[in-house]
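Here is the structure we will look at.
The values are calculated or read from the model by the stated rules, or taken from the named source; none is laboratory data. A quick note: this is a predicted structure, and the numbers were derived from the prediction, not measured. Ideal geometry is used to build each Cβ from the backbone, glycine not excepted, and the neighbour counts take in all protein chains shown.
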Amino acid sequence: MLFADPFHYQCGIDFVCPGCGVKTGVFNLLRGNVEGAVRCNPFSVAVILAAVFSVVDTFVGLIRK
């Protein structure tokens, strides 16, 4: 099953991992489902905001050159 879905990974630990649900949350945000993203993992909102900021910063840097 690992080869059928290479992005599916379960670490097998007994406590709640702070990264669990980020991928699903990001996909929900990209589809416009903010509530679903926050329910999966609130950190996914920060991941998207950081990605958007990085892209905007890169374009601004290219324009200023």
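Structure notes:
- For the range 1-42, filtered to residues that are surrounded by 17 or more Cβ atoms within 10 Å (Cβ to Cβ) and not aliphatic (A, V, I, L, M), the residue that is modelled with the lowest pLDDT is GLY21.
- Every test in (1) in contact with a Cys (Cβ under 6 Å, 6 or more places away or on another chain); (2) modelled with pLDDT of 90 or more is passed by PHE59 save one, and that test is (1).
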